[in-house]
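Structure record follows, encoded as structure tokens.
Values quoted throughout were computed directly from the atomic coordinates according to the rules given, and no laboratory measurement underlies them. Source: prediction; values computed, not measured. Note that we place each Cβ from the backbone using ideal geometry, even for glycine, and neighbour counts take in every protein chain shown.
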Amino acid sequence: MIKKKIAIIGGDKRQGYLAENFSQKFFVDIFYLQGNFDEILENYDVYILPMPITKDGIHLNTNFSENQVKLIDIIKKIPENSIILGGSITSEAKKMFETENLKIIDYLLYENLAILNAIPTAEGAIQIAFENMEITLSGSNSLVIGNGRIGKILSKKLSALGSKTTVLARKSEDFADILSNNIKTTTIEKVQFDRYDVIFNTVPSMILDEKSLLKISDKTLIIDLASKPGGVDFKASQKHNKKVIWALGLPGKVAPKSASKYLYTTIIDILDNLEVK
Ligand code: NAP
């Protein structure tokens, strides 16, 4: 059987590890897009783009390149009928592909990957807390806002480290789940923001607005994990001198090798379903 050809384009450290994994089964070329890429992108069976595919809606996400490469310039080089995968694809980006008669699959919509990515995200959040707090997590009061994939893993890890952890949620099944792990619960109506040494937000909408921020001590470390536009009013937090860290892209930063392994197994599943072997 002729080995299929895969092009891995842009991205961060994860792409290097991904190429290593794929090279066991496929011919792989990796393009960090440092030089000229005219011609070189043609003739692949599968194109793997980074996550997020673009940070500003215009350029491809290329952490390793000084060059700013327009996403549309990459799209125009991909032949029709290619299999294209990428992560966190906005509807605007999707439209750019469709206009060129291309279809892109968002691997981040696969639940397995989202759950696995929550592991390095939770570990990275804890690492940031260690580095930015003057007290130990053990014995500290911590609040986790949201009991989704990240919230569940993070609250259990904090609790295991000896932090007195509370999770803010809103659904009865979440309260039962949290309590089953021996962790305290609260709601947005009842929460006493001034009680916590560290607050982690995982809710992907504005939850720590100016009114809530004013109830939080200047000494409390706030770590926002929610993707853009985030869950904290950053302008208000600066105005009122709150200690806020918006920590994005943690899987790729803190555990690129593990994160790329998760990505590899997810993409292999997708390719198997498409009968690309
Ligand atoms: P998720 O599983 O969808 O969890 C989000 C949680 O927020 C849900 O449990 C949801 O509960 C809860 N929520 C929404 N509105 C709420 C409210 N008003 N009050 C209380 N809870 C509320 O998402 P996830 O996978 O944990 O990811 C969370 C965020 O982190 C996303 O923005 C994701 O893109 C981002 N992320 C960041 C990193 C990083 O490196 N920082 C890495 C991966 C993902 P309900 O069921 O009640 O709506």
Per the charge dipole of the chain (beta-carbon charges, Lys/Arg positive, Asp/Glu negative, Cα centre), the residue among 104, 72, 167 reaching farthest to the positive end is 167
Taking 224, 218, 177 and counting other beta carbon atoms within 10 angstrom, the fewest-first order is 218, 177, 224
Karplus ³J(HN,Hα) for region 107-112 (6.51 cos²θ - 1.76 cosθ + 1.60, θ = phi - 60°; Hz, whole; x = Gly/Pro) runs 5, 6, 7, 7, 4, 3
Expected sort for 270, 128 with the fewest Cβ neighbours (10 Å cutoff) up front is 270, 128
Karplus ³J(HN,Hα) for region 130-140 (6.51 cos²θ - 1.76 cosθ + 1.60, θ = phi - 60°; Hz, whole; x = Gly/Pro) runs 3, 6, 10, 10, 9, 10, 6, 5, 4, x, 7
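What is the dipole size for the chain, taken about its Cα centre, with +1 at each Lys and Arg Cβ and -1 at each Asp and Glu Cβ, in debye to the nearest 20?
Computed about the Cα centre, the dipole is about 760 debye.
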Exposure-ranked with fewest Cβ neighbours within 10 Å first, 131, 123 stand as 131, 123
Region 32-184 -> Rg/Rh from Cα coords, Kirkwood Rh, value 1.13
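In terms of the Cα gyration tensor, with a ≥ b ≥ c the square roots of its eigenvalues, is region 125-224 rounded because a/c is under 1.5, prolate because a/b exceeds b/c, or oblate? Can you show the working numbers first?
On the way: a/c = 1.60, a/b = 1.09, b/c = 1.47.
Taking the square roots of the gyration eigenvalues as a ≥ b ≥ c, region 125-224 is oblate.
To the nearest whole percent, what portion of all C-alpha pairs in region 186-247 is separated by more than 17 angstrom? Kindly include the intermediate steps, with their values, before the conclusion.
Working: 560 of 1891 pairs.
Of all Cα-Cα distances in region 186-247, 30 percent exceed 17 Å.
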Cα-based Rg and Dmax for the chain, in Å, come out at 20.9, 64
If every Lys and Arg gets +1 and every Asp and Glu gets -1 at its Cβ, then about the Cα centre region 117-193 yields a dipole, in debye to the nearest 20, of 200 debye
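When the helices in the chain are scored as -39500 (n - 2.57) per DSSP H run of 4 or longer and the sum is shared across all residues, what 222 nm value do you end up with, to the nearest 500 deg cm²/dmol?
Working: 10 runs with 100 residues, N = 277.
Mean residue ellipticity, 222 nm, calculated: -10500 deg cm²/dmol.
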Tilt, helix 149-160 to longest principal axis of the chain (alpha-carbon atoms), in degrees rounded to tens, equals 50 degrees
Cross-link reach from residue 25 to lysines, straight Cα distance under 21 Å and at least 8 residues apart if same chain, gives 3, 4, 5, 13, 257, 261, 277
